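Written below as structure tokens is the structure these notes are about.
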Amino acid sequence: MEYFVQQLIIGVTLGSIYGLIAIGYTMVYGIIGMINFAHGDVFMVGGFIALTAFLALLAIGVTSIPLALFLVLLIAMALTALYGWAVERIAYRPLRHSYRLAPLISAIGMSIILQNFVQIAQGARVKPLPPIITGGHRVMSSEGYDVDISNIQIIVVLTTLVLMLGFSWLVAKTRLGRDMRACEQDLKMASLLGVNIDRTISLTFVIGAALASVAGIMYLLYYGVIDFYIGFVAGVKAFTAAVLGGIGSLPGAMLGGLLIGLIETFWSAYFSIEYKDVAAFSILIVVLIFLPTGILGRPEVEKV
Amino acid sequence: MTVPNEAATSIRTPHLLIALKDATLSGFVAFGLFFFLIGLRSEQGSTGALEISTRFQTLALLVAAVFAGTFLRTLAFGRGPIPIAGAVPASVTDFLASAGRFAAPALLIFALLVPVLFYQNRYLLDLGILVLTYVMLGWGLNIVVGLAGLLDLGYVAFYAVGAYSYALLATHFQLSFWICLPLAGILAAFWGILLGFPVLRLRGDYLAIVTLAFGEIIRLVLLNWQSLTGGPNGISSIPRPSFFGLPFTEAEGSFASTFGLEYSATHRVVFLFYLILALALLTNWVTIRLRRLPIGRAWEAMREDEIACRSLGINTTTTKLTAFAIGAMFAGFAGSFFATRQGFISPESFTFGESALVLAIVVLGGMGSQLGVAIAALVMLGGFELFREFQLYRMLVFGGAMVLIMVWRPRGLVSTREPSLRLDDGKAAAQDAK
């Protein structure tokens, strides 16, 4: 039981990070129907910007950790959002009216560019960062087995919750959210009704990238290491999460992220750690056999 | 005299101003993008802790380059897309179009002559074998993506199945390459059907992610099933191919001694070259023939409109499964060729990057165009080798090329595709009906 609770805590933390990345995939897919393959690498770029920004702040004498982290959050969100914007502007906008495979290939190209750019600029070695947020709480303890929840785990889950609530509010209540939903339903009709499509799509990328950068900071703080290759694995998992939950659906992305995190954690805890990714992908395939549009996805209406 | 001058400047100034404004904006964006990733660099110091160093000169140079680039571009072409179409005179495009008809035979003759022309150049022969392997993979994937319109992001899984099938059968049961080749193809085809079943009901991008997941599952199983596949160490000392039973060695009864030739290691390379050329041409020939059969027609019909296809009584289940199976079979052939050529395989060779490369070859070549795929494979792998010295930067350039080609020619390098049935041209249709 104690072991189970401990794994649950780890799984939920991991699932939160996946969920934050998955939102970026699901929003972009919902609006323009393309897989933004570079999104995982935007997450990685966010982590790297946070790392160098944090070190730079320490170097110029910002010693208060909470202040430094707050500044890092602002810097990383803003600059990663700029990356999201630039990626869309360079690689996807010219291809908006092209056939489906063209933006996918250019997204794969963009992913290769970002990975190798960071590898050249920051080196291929793994960057270790000593734990910044330490300490934790004992949740329960029995028969010599303690269940701990660390402060960083609490922060990850809370931040994710706040961001997801904020983002859901943005989509449901604001003008921008309404534009986004209109674009998702019918791009052409939305533009006829005066929605600025280019701006809405750009902002979707910007918001997705900002959320991914928060996920990158969380990853950096939680695991304490980062390298240029983390984007691919995390990106594939987050995309799997988005599809599992039903791509295009916001609650689906959160649910899918949590599920993938939990599956991965429990599989490594109770079965074998080597096959945890195999388990996550197999469950995706099994779910899609029975629910071809994911758990919360709307069934696609086929128009002739 | 001052009036025309003023008119001229009033027309010119906005251009300059716009260009200046755009350039300043891009300069700021570039500064934002590069400041923390290029201007600063974190490096592990002697104590193990990360230390930060600055590279503001590089940063300034890059930002200046972006500024100047945008300025000149806006000044020359305005804000719209660069008019490339008009940059090439009509006579040149006409010449290229007429030359295009001879490109395929010319390439084929060149490919046949490569071992003769470059017999002394082992490096070029090896490169030729590599290019032909990817041509074959591209043509195989073209059946699935180009003809049947099923987006497959895990094609390399079947390549891996073929390679491991040959490696395991040859090392454990001492079966010869010529027995293993069809076996590997059949096994890969079975895996294709196995993948095909769960994805039958899926559409578009759900299909893409499931094939990607499938490719990763195969790779991870190969990586972790230590007792069978050797895990990350792979399988080594895989038997090399023989010339229909005659080994390429110095010993008595070998290829060289039977034909009274002096032994040379190049014999085997030349043999491998012709082997992969024959396999690739087989793939091409089968694809061309299949396009004329009902099943090929069904693939293309399904690509265009699945619902219409179903309502016309085409069984989409078998149509999809055959596309997966036949595409996978050719990957299996290519895989067992890869294993016998390398003599060593490990899961390293079957990552998602390979799938992406093959898919890029198919799409950049112009989907469905056999010639385009061959040219794209040649250009991409040739370019890859050409820039081998710039190890660090070549992947960056490769990614950039993928984006640029897509933006410039979304339909691929060779975007003209032979229609399989013409309605306006009675001759073609009549020929087809025969």
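Please treat every number below as a calculation from the coordinates, not as lab data. All figures in this text were calculated on a predicted structure; none of them were measured in a lab. Virtual Cβ from ideal backbone geometry, glycine too; neighbours counted across all protein chains shown.
Laid out as a table, the results:
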{"item": "Simple Cβ-charge dipole of region B:11-80, Lys/Arg +1 and Asp/Glu -1, about Cα centre, in debye nearest 20", "result": "360"}
{"item": "Degrees, to the nearest 10: B:391-408 long Cα axis against longest axis of chain B", "result": "70"}
{"item": "For region A:81-239, alpha-carbon Rg relative to the globular expectation (2.2 N^0.38 Å, N residues)", "result": "1.32"}
{"item": "log₁₀ of I(q)/I(0) at q = 0.29 Å⁻¹ - region A:18-81, Debye sum with one point per alpha carbon", "result": "-1.17"}
{"item": "Rounded tilt (10° steps) of B:316-342 against the dominant C-alpha axis of chain B", "result": "80"}
{"item": "At R0 = 30 Å, FRET efficiency that the Cβ-Cβ distance of residue A:196 and residue A:151 yields, to 0.05", "result": "0.10"}
{"item": "Within chain B, longest stretch clear of exposed GluC sites (Glu not before Pro) (DSSP loop, no more than 15 other Cβ within 10 Å)", "result": "B:1-249"}
{"item": "Dmax and Rg, reported as Rg then Dmax, of region B:11-80 (C-alpha, Å)", "result": "16.8, 62"}
{"item": "15 Å reach of a label modelled at residue B:318, 7 Å along Cα-to-Cβ, counting backbone N of region B:279-304", "result": "B:293-299"}
{"item": "Chain A: DSSP helices with Cα axial extent of at least 27 Å and average Kyte-Doolittle hydropathy no lower than -0.5", "result": "A:2-32, A:39-59, A:65-87, A:101-122, A:151-173, A:197-223, A:250-270"}
{"item": "Calculated FRET efficiency for the pair residue B:289/residue B:116, C-beta based, R₀ 25 Å, to 0.05", "result": "0.30"}
{"item": "Charge context of residue A:171, other residues only, Cβ under 12 angstrom, K/R +1, D/E -1", "result": "+2"}
{"item": "Partner chain coverage, peptide A:113-122 - average Cβ within 10 angstrom", "result": "6"}
{"item": "Gained length - residue B:391 relative to residue B:310, 0.36 nm times residue gap less alpha-carbon distance", "result": "24.2 nm"}
{"item": "For region A:176-205 versus region A:263-287, the gap between their alpha-carbon centres in whole angstrom", "result": "38"}
{"item": "With at most 16 other Cβ atoms within 10 Å, longest stretch of chain A clear of loop trypsin sites (Lys or Arg not before Pro) (DSSP)", "result": "A:126-302"}
{"item": "Length-normalised contact order for chain A - Cα pairs under 8 Å, 6+ apart - percent", "result": "36"}
{"item": "Cα-based Lys proximity count in chain A, under 29 Å, for pairs eight or more positions apart or on separate chains", "result": "5"}
{"item": "Reciprocal mean inverse distance between Cα atoms of region A:98-153 - Kirkwood radius, Å", "result": "15.9"}
{"item": "Region A:35-114 versus region B:18-55: alpha-carbon centroid distance in Å", "result": "13"}
{"item": "Cα pair count fraction exceeding 20 Å, expressed as % - region A:213-294", "result": "36"}
{"item": "Estimated inter-spin distance, residue A:134 and residue B:249, nm [label 7 Å along Cα→Cβ]", "result": "6.4"}
{"item": "Region B:294-302 - phi-based ³J(HN,Hα) in whole Hz, Karplus 6.51/-1.76/1.60, Gly and Pro as x", "result": "x, 5, x, 4, 5, 4, 5, 5, 5"}
{"item": "Magnitude of the charge dipole, region A:182-303, Cβ model with Lys/Arg +1 and Asp/Glu -1, debye to 20", "result": "180"}
{"item": "Geometric extent, Cα atoms of region A:14-127 - Rg, Dmax (angstrom)", "result": "15.9, 52"}
{"item": "Orientation-averaged projected area, Cα convex hull of region A:143-213 (nm²)", "result": "6.7"}
{"item": "Tail fraction, Cα-Cα pairs, the protein assembly as shown, threshold 50 Å, whole percent", "result": "19"}
{"item": "Peptide B:48-55 - average C-beta neighbours from other chains (10 Å radius)", "result": "4"}
{"item": "In nm, spacing of pseudo-spin labels at residue B:46 and residue A:175 (7 Å Cα→C-beta vector)", "result": "5.9"}
{"item": "Cα radius of gyration and Dmax for chain A (Å)", "result": "19.5, 67"}
{"item": "Peptide-level mean, for A:276-289, of C-beta atoms on other protein chains within 10 Å", "result": "5"}
{"item": "Value of [θ]222 nm, deg cm²/dmol, for chain B, DSSP H segments ≥ 4, -39500 (n - 2.57) each, nearest 500", "result": "-23500 deg cm²/dmol"}
{"item": "FRET efficiency, residue B:226 to residue A:271 (Cβ-Cβ, R0 22 Å, nearest 0.05)", "result": "0.85"}
{"item": "Net charge over other residues, Cβ less than 13 angstrom from the Cβ of residue B:317 (K, R count +1; D, E count -1)", "result": "+2"}
{"item": "Helical contribution to [θ] at 222 nm, DSSP H n ≥ 4, -39,500 (n - 2.57), averaged over chain A, rounded to 500", "result": "-24500 deg cm²/dmol"}
{"item": "Charge-dipole axis of the protein assembly as shown as Lys and Arg at +1 and Asp and Glu at -1 on Cβ define it, positive-most pick from A:21, A:139, B:344", "result": "A:21"}
{"item": "Local net charge near residue B:354, Cβ-Cβ under 15 Å (Lys/Arg +1, Asp/Glu -1)", "result": "-2"}
{"item": "Cα pair distances in region B:106-427, grouped into 20 Å bins until the bin that holds the longest one, percent each", "result": "31, 58, 11, 0"}
